[in-house]
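Notes to accompany the following structure.
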Amino acid sequence: MAESNCTQATEFSLMGFTEDPVTQVTLFLMFLLTYLVTILGNLGLIALIRASPQLHSPMYYFLSNLAFVDFCSSTVITPKVLVDFISEKKGIAYAGCVAQVFIFDLFGMTECFLLATMAYDRYVAICHPLVYPIVMSPKCCFQLVTGSYLVGLTNGMGQTIGMSNLSFCGSSVIDLFFCDISPLISLSTSDTTLSHIILRTSASLFGLSSSLVILVSYMAIISAIVSISSVEGKRKAFSTCVSHLTTVGIFYGTSLFMYLKSSSDSSREGDKWAAMIYTVVVPMLNPLIYSLRNKDVKEALRRLTK
């Protein structure tokens, strides 16, 4: 009866990082610089790939989609954080919170499968180079990318449906700088069984399957590299995977820390910084990692600037 008579929250308060004005200004400048680099890096990489014929290959087609996903996932989080740094009231409407959960979970899971697709692409290129043009045909690449977006859409819709069944009649304070499904579930005053089932099913079905593709692909890649007789051949084969491995390590390392921790640890300060790396820093780093370590990208940029 108490549940039915409670007043549903129409707005959530975001705790953010700190209340200290000096620290807020410092963080504002840091987030602003990071977001500007993210925009320029990802959109610049997309434009470079589209404008350079030598980059019209499956690997860079996947990379341009990864840059688009990073740009979108950062844009749904960072601008709101910047506004909160200079506002006295750090709040977000219920509808805005639902939209943030949907879009962030959509692009977050899409990135998981794009990284798995890129791992499979490297596997075919290194382990089966003779059939690479046939296996990674334009039609197949389009299907793999479309499938990644569809899985992300399914995940976003599932998390949104789970959130729509939750009631928030008690505290409306989220101890984070954006709306994430995990703290929202812990904040709810209603039965969270369905939301927990959706969250765990999504993590198990989608997260583990994409991780398994990456793991199996690189086990086969390492086995193929070890069997190469020349040192130069090993170096060239491994160099094509370093950027992707770096991206996978940062992305999965921070995301696993965020979502596999116990619920009792959900308010720890360290989780906010891990979430910041996952949501703000990683989208900035990805284009830098692929640009600074990739000879083809640097050569295409040099030709374009001439």
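The values are calculated or read from the model by the stated rules, or taken from the named source; none is laboratory data. What you are looking at is a predicted structure, and each value in this text was computed from that prediction instead of being measured. Ideal geometry is used to build each Cβ from the backbone, glycine not excepted, and the neighbour counts take in all protein chains shown. We work out accessible area using only protein heavy atoms, side chains counted, and drop any ligands, DNA or RNA first. Shrake-Rupley method; radii C 1.70, N 1.55, O 1.52, S 1.80 Å.
Things to note:
- Flag if A67 is surrounded by fewer than 16 Cβ atoms within 10 Å (Cβ to Cβ) and either modelled with pLDDT of 90 or more or among the aliphatic types (A, V, I, L, M) (or both): no
- Out of T254, T246, T279, one residue alone is surrounded by 12 or more Cβ atoms within 10 Å (Cβ to Cβ), of a type in the set (S, T, N, Q), at pLDDT below 80 and under 29 Å from S64 (Cβ atoms). It is T254.
- In this entry, I221 passes the filter for residues that are touching a residue at least 40 places away in the same chain (Cβ under 8 Å), touching a helix residue (DSSP H, G or I) at 6+ places or on another chain (Cβ under 6 Å) and not polar (S, T, N, Q).
- Qualifying residue in segment 111-124 (condition: open to solvent by 20 Å² or more (accessible area, probe 1.4 Å) and among the β-branched types (V, I, T)): no
- Being polar (S, T, N, Q), surrounded by fewer than 16 Cβ atoms within 10 Å (Cβ to Cβ) and touching a residue at least 60 places away in the same chain (Cβ under 8 Å) is a property that S164 has.
- Scanning segment 77-88 for residues that are open to solvent by 30 Å² or more (accessible area, probe 1.4 Å) and touching a residue at least 40 places away in the same chain (Cβ under 8 Å) returns P79, K80, I86.
- Where helices (runs of 4 or more DSSP H) fall entirely within segment 100-205, those with at least 1 residues that are in contact with a strand residue (DSSP E or B) (Cβ under 8 Å, 6 or more places away or on another chain) are at 181-187.
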